[in-house]
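J.: Dropping a structure here in structure tokens format, bear with me for questions.
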Amino acid sequence: MANGIVTEAFITAVRARIPQVRLLTDPVDRASYQRDETTYLASGLPGAVALPSDTAQVAALVRICAEYDIPIVPRGAGSGLSGGATGIEGALTMAFTAMDRILEIDRDNLCVVTQPGVINATLKAAVAGHGLFYAPDPASFETCSIGGNLGTNAGGLCCVKYGQTRESVLGLEVVMADGTVLRTGGKNIKDVAGYSLTHLIVGSQGTLALITEATLRLRPAPPPRSTLLAFFPSLEAAGKAVAAIATAGVSPVTLELMDQLVIRAVDDMHGLGLDREAAAMLMVESDLPGSAADDELTRAEDACTASGATFTVRSQSPAEADLLREARRAAHWALERIGEVKMEDVGVPRSRVPDMLRAVQEIAAKHEVRIGTFGHAGDGNLHPDLILERGDPRAAEITRAVQQDLYRAALDLGGTVTGEHGIGSARTEWLEPQRGGDAVRVMRAIKTALDPQGLLNPGRVL
Ligand SMILES: Cc1cc2nc3c(=O)[nH]c(=O)nc-3n(C[C@H](O)[C@H](O)[C@H](O)COP(=O)(O)OP(=O)(O)OC[C@H]3O[C@@H](n4cnc5c(N)ncnc54)[C@H](O)[C@@H]3O)c2cc1C
């Protein structure tokens, strides 16, 4: 593992060999790159922060880091929830925010070529101007970058129909740990030549290569969405409805869940008039055209009612559907108004959602803490948010105890300790319990083969 630190000699070498590159060395500037959204995790102050503006600068920086044995922390917008972009003491953080150009929107091949620093919402808006749609839709889409989405294989609200980020990637341009620039794919829809390096690098959290360009799949823009809200007297009933919707052959664009604590927090923030006595709510969206959307939501509604929903309501207009989606996206911030929140990210097979919801309640009772759960129930991916009193001196201890129980419960149900946020530096000790020693050994072999010096985001994931 590389263990050098940024020195005057390193800074002089960078300034001499890549005079165009922006390099931040002031401690105040560096401090703003120390953490991501996992403020509770230990982190180090970067020795310097580089803001390259093209691939050649990235490759040159990697070569100089190799020469001085300095670890590199790749960073997008820093909205990550697994500590993947937090600083390493004395290392170089490479922030991709200045590589923020959309290079080509190709209507004929339904794809977009982009640099990694482009914000997800900016890319969506740019392609929408051409009647096209970029599907990956993390709730943080207005702040997170495409590079970070690729680094984490981000999920979000419409994976249940369109899949995680990886399913929208056709090819990458990357800089490897020895400074080599390579392309892993291009505009071909079908391409099985050799190992899929694209799929390997997406989700590797900056540990295998630095992504400098991506060719992403687009779709013709679907019609505006219609929304169904269904309220349930118990979490189990809502969990049952999730499975019932899937087995009814309904494939909605969004199938999200909120428990009572989250319903009330969101309602307090937005004044939507939600059923505050309900134990859980499902939000189902359709993006099918015209009456097909009505049919889809009717079938989803029937499945909800058969599973015990006490009340259902539909959006009256696309604007109302957008408002409801925005409210769901803001669930985490709504909980932040109550206390200090730690967001978790467990996943289980869809049929085990009711069991996972029950386990979350038991864990909250055992530790005498409040946990508000929301998430992408259609993917079996739940975000139990631990809510602590601000300034609670036992925060770190409680967080750790609750996390351990949540991860154990997810694994016991055949699930995962992270559905979309990543192992990062937050969950490394849980990789082997989930994947097994042999799989981790193979992962380490890949890491060693591609980055023998351990330059790229060392200590993260593995
Ligand atoms: C309120 C809130 C809601 C969220 N909702 C969702 C959600 O619905 N779904 C979801 O998946 N996530 C969600 N997230 C988490 C986060 O927004 C995503 O993980 C996002 O993909 C991170 O993007 P970023 O640009 O902020 O990346 P960063 O946090 O800066 O980095 C993320 C990882 O990618 C690596 N990386 C960044 N750029 C590159 C690059 N160019 N090359 C190689 N590696 C790179 C970093 O090293 C790091 O490991 C949410 C976060 C918040 C705060």
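J.: Tell me which of these VAL202 doesn't satisfy, since it passes every other one: (1) under 14 Å from ALA309 (Cα atoms); (2) crowded, with 23+ Cβ neighbours inside 10 Å; (3) of a type in the set (A, V, I, L, M).
T.: The single condition VAL202 does not satisfy is (1).
J.: Any residue in the range 261-282 that's modelled with pLDDT of 95 or more: show its pairings with residues that are among the polar types (S, T, N, Q) and crowded, with 24+ Cβ neighbours inside 10 Å at Cβ separation under 9 Å, as long as the two are six or more apart or on different chains.
T.: Note: pairs meeting the criteria are LEU261/THR373; VAL262/THR373; ALA280/THR373.
J.: Yes or no: ARG264 away from the ligand (no atom under 13 Å from the Cβ), touching a helix residue (DSSP H, G or I) at 6+ places or on another chain (Cβ under 7 Å) and either of a type in the set (Lys, Arg) or not in a helix (DSSP H, G or I) (or both)?
T.: So ARG264 fails the test.
J.: Same structure again: One residue is enough: does the range 29-45 have a residue meeting the conditions part of a helix (DSSP H, G or I) and open to solvent by less than 20 Å² (accessible area, probe 1.4 Å)?
T.: no
J.: Are any residues in the range 58-81 open to solvent by 10 Å² or more (accessible area, probe 1.4 Å) and under 22 Å from ILE11 (Cβ atoms), and if so, which ones?
T.: The answer is ALA60, ARG63, ALA66, GLU67, TYR68, ASP69, PRO74, ARG75.
J.: Scanning for something closer than 27 Å to THR418 by Cβ, within 11 Å of the ligand (Cβ to nearest atom), open to solvent by 40 Å² or more (accessible area, probe 1.4 Å) and among the hydroxyl-bearing types (Ser, Thr, Tyr), does the range 82-105 turn up at least one residue?
T.: Yes: the range 82-105 contains one or more residues that are closer than 27 Å to THR418 by Cβ, within 11 Å of the ligand (Cβ to nearest atom), open to solvent by 40 Å² or more (accessible area, probe 1.4 Å) and among the hydroxyl-bearing types (Ser, Thr, Tyr).
J.: Related question: Report whether or not VAL113 is away from the ligand (no atom under 11 Å from the Cβ), among the β-branched types (Val, Ile, Thr) and touching a strand residue (DSSP E or B) at 6+ places or on another chain (Cβ under 7 Å).
T.: So VAL113 passes the test.
J.: Still on this structure: Would you confirm, using the coordinates I've provided, whether GLY339 is open to solvent by less than 50 Å² (accessible area, probe 1.4 Å), farther than 29 Å from ARG225 by Cα and within 16 Å of the ligand (Cβ to nearest atom)?
T.: So GLY339 passes the test.
J.: Next question. Among the residues in the range 216-234, are any under 21 Å from GLN115 (Cβ atoms) and not in a loop (DSSP other than H, G, I, E, B)?
T.: Looking through the range 216-234, at least one residue is under 21 Å from GLN115 (Cβ atoms) and not in a loop (DSSP other than H, G, I, E, B).
J.: Next question, about the same structure. Within the range 136-148, can one find any residue that is over 26 Å from ALA327 (Cβ atoms) and near the ligand (Cβ under 8 Å from one of its atoms)?
T.: Yes, there is a match, as at least one residue in the range 136-148 is over 26 Å from ALA327 (Cβ atoms) and near the ligand (Cβ under 8 Å from one of its atoms).
J.: Hand me the list of helices (runs of 4 or more DSSP H) wholly inside the range 300-391 holding 2 or more residues that are modelled with pLDDT of 95 or more.
T.: Output list reads 331-336, 353-367.
J.: So, one more: Say whether the condition of being of a type in the set (Val, Ile, Thr) and farther than 25 Å from ALA98 by Cβ is met by at least one residue in the range 191-200.
T.: yes
J.: Which residue, of ALA309, ALA364, is surrounded by fewer than 23 Cβ atoms within 10 Å (Cβ to Cβ), more than 16 Å from the ligand (Cβ to nearest atom) and more than 22 Å from TYR162 (Cβ to Cβ)?
T.: ALA364
The values are calculated or read from the model by the stated rules, or taken from the named source; none is laboratory data. Quick caveat, the model's predicted, so the values are computed rather than measured. Cβ sites come from the backbone with ideal geometry, for glycine too, and all protein chains shown count toward neighbours. Heads up: the accessible areas ignore ligands, DNA and RNA and are worked out on the full protein's heavy atoms, side chains in. Shrake-Rupley method; radii C 1.70, N 1.55, O 1.52, S 1.80 Å.
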